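Please read the structure below before turning to the comments.
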Number of protein chains: 2
Amino acid sequence: MARPRQFDEQEAVAQATDLFWRRGYNATSVRDLGAELHLTPSSLYRTFEDKHTLFLRALDHYRATESAQARERLATAGQPVRDALRDWLLWLVGCAAGTEPGPGCLVVNTATELGTTDTEVSARTEAAFEVTRSALRSLLDEGRRNGELPTDLDLDAAVELLFTTVLGLRVRERAGHDPHRLATTIDFAIRGLGPAPTEPVRSER
Amino acid sequence: MARPRQFDEQEAVAQATDLFWRRGYNATSVRDLGAELHLTPSSLYRTFEDKHTLFLRALDHYRATESAQARERLATAGQPVRDALRDWLLWLVGCAAGTEPGPGCLVVNTATELGTTDTEVSARTEAAFEVTRSALRSLLDEGRRNGELPTDLDLDAAVELLFTTVLGLRVRERAGHDPHRLATTIDFAIRGLGPAPTEPVRSER
DNA sequence: ATCGTATGAGAGCGATCGCTCCCAAATGGA
DNA sequence: TCCATTTGGGAGCGATCGCTCTCATACGAT
């Protein structure tokens, strides 16, 4: 019926997400976005309403890709719970295994930058947080049921601590902290879940 | 020798710190600062060079007050290590016991907002982080020596986890999370330090 | 009392902010 | 082919950004 777009909207959102991720909301200008997405201001505003709405789109895209990927990785473990948790946490902060420090987590960065001032943003960050919590809960619950974790493990409390640890690790990732220290943190956090399952006692001799 | 100031420089820095704390670096304009400190732009720039330098002053002031106070509170405990640690963590996130969520921690907010892009800022946030780590280390080491904590406690790892937990709690405080859940997190983190000291065995009968 | 000096007040600098408008170009339906 | 419609390009809107300048004012040293 009319002239078609010369750009892919999804790809544009993905690139915008990347820019917000690295620089944060306030430090990213509309002109920065236009340059990154190869969009003129008119196209950008016609497609995405305004900067704030585009940021909400970016948060949604992040949740649909990064957050969803993290959730799946944790759910489809196929290995002992402790190992699965350890590998997952290492993977979370280990994307920064390259040269320069990773950008951390867009959700964490956004939560600290904008706090509770923006309700539309807060709703999305809280939803993302809840996804992580429930994924951790499922894994721990499975471990408790199949005997890999202590039966008297306080599930609520363990989830809260692991979730909080994830946030702290994300902050430290963005701050460029030594990956080895983050690995130490992860190992100790898992140890805190209680004694490992008793190995079948080897016959003594 | 000349006309004296009509404002207290330290108090101005304190007010600037408060504003940066609540709003973040990028979202705080020089005019906002001028209004808050009751300073005209000329006075502000003559006294504090520029916005970035004032922000560095604010970070230093925060470390000299808030961070220093936190360190002292942890050092001058005078109670069992676990109780001291618990009270300290509750106090850290419990300033937000009022109506609206607290502003979190200026150092954490800054670290996530600016990442590693600003070396002068990073140097200060890392220094603040190290203060917290060493304070935690001293406390845990004391607890290990006097038998309140397991003698085989991995000090390095425990410090890393507690420090990471503090960062996570700060994020959650700023995100306005339920204080009760934060308390749950804190209790479980302390439980993870190992079994409590064995009570003197009561005579059985 | 006089003078040198730093202050508070505020206009205003160029640049950039988020955003809007106008117009030629490009498309699909008739 | 012609028209209705939406696009990409880009000038430019008012507002605000970080920051500088000028100048009368108010103080301390002499």
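Every read-out reported here was derived from the displayed coordinates using simple, explicitly stated rules and does not represent laboratory data. Quick caveat: nothing in here was measured; it's all calculated off a predicted structure. So basically every Cβ, Gly included, is an ideal-geometry build from the backbone, and we count neighbours across all protein chains shown.
What nm distance separates the two modelled labels at B:Asp60 and B:Asp178, each placed 7 Å from Cα along Cα→Cβ?
Here the modelled spin labels are 4.4 nm apart.
Only four residue types carry charge here, +1 at the Cβ of Lys and Arg and -1 at the Cβ of Asp and Glu. Report the dipole size of the range B:1-97 about the Cα centre in Debye, rounded to the nearest 20.
With only Lys, Arg, Asp and Glu charged at Cβ, the dipole is about 120 debye.
To the nearest 10 degrees, how steeply does helix A:81-94 sit against the main Cα axis of chain A, on a 0 to 90 scale?
Around 30 degrees separate the two axes.
Given +1 on the Cβ of Lys and Arg, -1 on the Cβ of Asp and Glu, and no further charges, what dipole in debye does the range B:116-184 carry about its Cα centre, rounded to the nearest 20?
Here the size comes out at about 280 debye.
Return a whole-number percent for the relative contact order of the range A:1-118, with Cα pairs under 8 Å and 6 or more residues apart as the contact set. Before the final figure, lay out the partial values.
Numbers: 62 pairs, mean separation 35.0, N = 118.
Relative CO of the range A:1-118 lands at 30 percent.
Distance between Cα centroids, the range A:69-96 to the range B:26-45: provide it in whole Å.
Going from one Cα centre to the other spans 47 Å.
Determine, from the Cβ-Cβ distance of B:Asp156 and A:Glu126 and an R0 of 35 Å, the FRET efficiency 1/(1 + (r/R0)^6), rounded to the nearest 0.05.
For R0 = 35 Å, the calculated efficiency reads 0.55.
List the relative contact order of the range A:71-205 as a percent without decimals, with contacts defined as Cα pairs under 8 Å and 6+ residues apart. Walk me through the intermediate numbers first.
Numbers: 112 pairs, mean separation 48.3, N = 135.
Answer for the range A:71-205 is 36 percent.
Can you list the distances in nanometres, one decimal and ascending, from the B:Val30 label point to the identical position in each other copy, with the point 7 Å along Cα to Cβ?
Reported distances to equivalent positions: 2.4 nm.
Quick one: what does P(r) look like for the range A:9-191 with 10 Å bins over all Cα pairs, in whole %?
Using 10 Å bins, I get a P(r) of 9, 34, 32, 17, 6, 1 for the range A:9-191.
Hey, with R₀ at 30 Å, roughly what FRET efficiency would B:Arg73 and B:Thr116 work out to, going by the Cβ-Cβ distance, to 0.05?
That gives a FRET efficiency of 0.55.
Can you tell me which of B:Thr110, B:Thr40, B:Thr185 moves the most in a GNM of chain B? Springs connect C-alpha atoms under 10 Å apart.
In the Gaussian network model the winner is B:Thr40.
Compute the projected area of the convex hull of the Cα atoms of the protein assembly as shown, averaged over all viewing directions, and report it in nm² to one decimal place.
Mean projected area for the protein assembly as shown: 29.3 nm², to one decimal.
Once the label point is placed 7 Å from Cα along Cβ, list for B:Met1 the distances to the corresponding points in the other copies, in nm, shortest first.
7.6
Per the Kirkwood formula on distinct C-alpha pairs, the Rh of the range A:111-205 is how many angstrom?
After inverting the pairwise mean of 1/r, the radius is 15.7 Å.
Among B:Pro41, B:Leu167, B:His177, whose Cα lies farthest out toward the positive end of the dipole of the protein assembly as shown, if unit charges sit on the beta carbon of Lys, Arg (+1) and Asp, Glu (-1)?
Going by the Cα projections, it comes out as B:Pro41.
Counting Lys and Arg as +1 and Asp and Glu as -1, each charge on the Cβ, what is the dipole of chain B about the Cα centre in debye, to the nearest 20?
260
What 222 nm value per residue comes from the helices of chain B, counting each DSSP H run with n ≥ 4 as -39,500 (n - 2.57) and dividing by all residues, nearest 500 deg cm²/dmol?
Working: 10 runs with 134 residues, N = 205.
Here the helix-only value at 222 nm equals -21000 deg cm²/dmol.
Could you give, in nm with one decimal, how far B:Ala75 is from each other copy of that position, shortest first, with labels 7 Å out from Cα toward Cβ?
Between copies, matching label points for B:Ala75 lie 5.0 nm apart.
Which GluC sites (Glu not before Pro) in the range B:39-97 pass both tests, a DSSP loop state and at most 16 other beta-carbon atoms within 10 Å?
B:Glu49
If one takes the longest principal axis of the Cα atoms in chain A, at what angle in degrees, from 0 to 90 and to the nearest 10, does the Cα axis of helix A:179-191 lie?
The two axes meet at around 50 degrees.
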